[in-house]
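Engineer: Got a structure for you, questions after.
The values are calculated or read from the model by the stated rules, or taken from the named source; none is laboratory data. Not measured: the values here are computed from a predicted model. Counting neighbours? That spans all protein chains shown, and the Cβs are built from the backbone with ideal geometry, glycine included.
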Amino acid sequence: MEPNLSQGFYQGSWAYDHTQIRTNFLSKADFSPAELDMICNRLQAKKIKKRRTLFNAGSIPQYVVYVNKGLLRMFSTEADGIERTIDLAIEDTWLADLEALYERKSASVSIEALEDAEVFMLHHDDIQYLHQQIPALVNFSRLHAEEKFNNAMKRLQTMNHPGYTAEQRVTFFENIYPSLTNRVPSNIIASFLGFSAETYSRIKRSRMNNKGGNV
C-alpha cells in the first residue's frame, strides 16, 4: 500500500543500502543477520522532495519512517491555521504518529520534508508480521517508543516550565539538535519551542550583538 500522498515522492538513481538502518536496529536489540535481512526485505525506499508532504492529518497512518538522509518534521495545524511543530527527525532517526498507527485511528499530525530526503518505510502490516517472527523487533519497538515518550516528556517539561525563559528554550533546542539551527527555518524552530518567530529572531540578534561586544 502506498502512502496517502504519493505526489511527494519521486524515483531517482538512489543506490541505497541498508548499512545505516541495520546499525540502528542493532543499537537497541540483538538481531541475527538473517533477521535483519528479513526486516530489510520489507522496507520501502523512497525519495521525498523538499516541502512535500509524506503524510496528512486526518488519515490513518500506515508506516513508520526511518530517515536515511535529510530532515523531516511532524506538525499539527491549529484551528486558526497556525502550524505547530511537534517533532523533527534527522538522519538515523525514526518518525511516526505511533498512537494513531497502532490504534488504527486518524492522525492529528502531518509529516513533511524540510530537505530533500531519502527514507525507508515499514508498513503497519509488515510490522505486525515481523513482530510475530522476530522477538528482538518487539523489544526494539518497545525501547524506541519509550525513548520517544521520554524525549517528548523532557521537551514538554521544558516548554511548559514557568521558570524557563524563551532564551533557555533556545538553548534547550540547541543542546538536543546542535546541527539544526542552520538547517531549520527560524519560524519552524519558533513553533517547535512555543513562541513567535519574532521572539526567536530577537534572541538570535541579541546573541550576535553579545558576541560582537565580546570580540
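Engineer: Please go through segment 128-169 and give me each residue that is among the aliphatic types (A, V, I, L, M) and modelled with pLDDT under 90, ordered by number.
Structural biologist: ALA152, MET153, LEU156, MET159, ALA166
Engineer: Might you check whether a residue that is crowded, with 18+ Cβ neighbours inside 10 Å and touching a residue at least 40 places away in the same chain (Cβ under 8 Å) occurs anywhere in segment 175-183?
Structural biologist: No: segment 175-183 contains no residue that is crowded, with 18+ Cβ neighbours inside 10 Å and touching a residue at least 40 places away in the same chain (Cβ under 8 Å).
Engineer: Could you identify the single residue in THR85, THR93 that is of a type outside the set (A, V, I, L, M, F, W, C), touching a residue at least 60 places away in the same chain (Cβ under 8 Å), under 25 Å from GLU174 (Cα atoms) and surrounded by 16 or more Cβ atoms within 10 Å (Cβ to Cβ)?
Structural biologist: Values: THR93 fails: touching a residue at least 60 places away in the same chain (Cβ under 8 Å).
Unique residue meeting the criteria: THR85.
Let's see how each residue does on (1) in the same structural domain as TYR177 (by TED's automatic domain parsing); (2) modelled with pLDDT under 95; (3) of a type outside the set (Phe, Trp, Tyr):
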residue: ASN56; (1), (2), (3): no, yes, yes
residue: LEU72; (1), (2), (3): no, no, yes
residue: THR77; (1), (2), (3): no, yes, yes
residue: GLU91; (1), (2), (3): no, no, yes
residue: TYR102; (1), (2), (3): no, yes, no
residue: ILE111; (1), (2), (3): no, no, yes
residue: ASP126; (1), (2), (3): no, no, yes
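Engineer: Still on this structure, I have one more. Of the residues that sit in segment 109-163 and are in contact with a helix residue (DSSP H, G or I) (Cβ under 9 Å, 6 or more places away or on another chain) and among the small types (Gly, Ala, Ser), which one is farthest from LEU88 (Cα to Cα)?
Structural biologist: Checked segment 109-163; the qualifying residue farthest from LEU88 (Cα to Cα) is ALA136.
Engineer: Okay, moving on. Test GLU167 against the stated conditions and say whether it is touching a helix residue (DSSP H, G or I) at 6+ places or on another chain (Cβ under 9 Å) and either within 15 Å of ILE90 (Cβ to Cβ) or in contact (Cβ under 8 Å) with a residue 12 or more places away in the chain (or both).
Structural biologist: So GLU167 passes the test.
Engineer: Now, a different point. With of a type outside the set (A, V, I, L, M) and either in contact with a His (Cβ under 7 Å, 6 or more places away or on another chain) or in the same structural domain as ALA34 (by TED's automatic domain parsing) (or both) as the only criterion, which of GLN168, GLN132 stands out?
Structural biologist: On inspection, the qualifying residue turns out to be GLN132.
Engineer: Further, regarding this structure: If I filter segment 176-192 for residues that are closer than 25 Å to GLY70 by Cα, of a type in the set (Lys, Arg) and not in a helix (DSSP H, G or I), do I get at least one hit?
Structural biologist: Within segment 176-192 (the criterion being closer than 25 Å to GLY70 by Cα, of a type in the set (Lys, Arg) and not in a helix (DSSP H, G or I)), the answer is yes, since at least one residue qualifies.
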